[in-house]
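None of the figures in this text is laboratory data; all of them are computed from the coordinates on show. Here the structure is a predicted model, which is why all the values come from computation and not from measurement.
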């Protein structure tokens with residue numbers, strides 16, 4: 001069974017391939033791998049809406065090929081910032097550079113400690129089977145925003161998202177997949193697909 005992921009984010013696609021390798025998909029392809037260009041405007045105000053927009057746009061392009069489509073929308077919600085950056089995590093404040101976004105987030109939380117730095121990663125996956133039926137699942141991982149970037153693994157906000165005493169960028173792929181928002185959402189999806 002072939003699955004096309006509506007993403008060009010190499011880190012995200014790598015995580016999906018690792019998490020899906022034992023789930024019956026003999027081919028897991030990124031948009032680039034599949035030779036597809038699909039960039040719908042993310043006009044939703046929730047992770048659920050944006051994931052559905054992306055999955056449906058991709059499915060329109062591959063309908064009838066026997067492939068399934070998967071899209072997610074994920075991001076970081078910081079309680080002290082009223083849930084920002086939220087659905088705008090990838091393009092927060094118009095910044096395209098991960099380091100710039102992380103530095104700004106740390107700056108905005110200056111003087112805050114402990115639970116005042118609470119945050120969560122959220123991932124919503126929208127999956128469309130080859131027959132057109134749709135599944136939506138959500139996963140969350142609670143943590144805190146650190147005081148400085150730590151670690152070399154991961155991408156995006158991983159270096160400043162503290163899970164216990166380590167950042168997501170200090171945790172190996174296997175452990176991260178077991179606790180991450182994406183891992184939790186994907187396990188829910190796998191459960192739905194195998195029921």
Rounded to the nearest 10, the angle in degrees between the Cα long axis of helix 181-194 and the longest principal axis of the Cα atoms of the chain comes to 30 degrees
Give the share of C-alpha pairs in each 10 angstrom bin for the stretch 145-195, from 0 to the last occupied bin, in whole percents, shortest bins first.
27, 45, 19, 8, 0
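Please work out how much length the chain gains when fully extended from residue 173 to residue 106, using 0.36 nm per residue of separation minus the C-alpha to C-alpha distance, in nm with one decimal. If you can, show how the numbers build up before the last one.
Numbers: separation 67, 0.36 × 67 = 24.12 nm, distance 2.46 nm.
In short, 21.7 nm is gained.
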Long-range share for the stretch 37-88, i.e. C-alpha pairs more than 12 Å apart as a percent of all pairs, stands at 65 percent
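Dividing the convex hull volume of the Cα atoms of the stretch 2-194 by its residue count, what figure in Å³ per residue is obtained?
Looking at the stretch 2-194, the number lands at 111 Å³ per residue.
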Where does the chain land at 222 nm, in deg cm²/dmol rounded to the nearest 500, when only DSSP H runs of n ≥ 4 count, each adding -39500 (n - 2.57), divided by all residues?
-9500 deg cm²/dmol
Binned Cα-Cα distance frequencies in the stretch 81-141 - 10 Å width, integer %:
17, 39, 26, 13, 4, 0
When all alpha-carbon pairs of the stretch 101-177 are counted, what percent fall beyond 22 Å?
34 percent
Quick check: the angle from helix 98-108's long axis to the longest principal axis of the chain, C-alpha only, nearest 10 degrees?
40 degrees
Nearest-ten-degree value, helix 10-20 long axis tilted from longest Cα axis of the chain
60 degrees
Taking the convex hull of Cα positions in the stretch 22-113, its mean projected area over all directions (nm²):
8.3 nm²
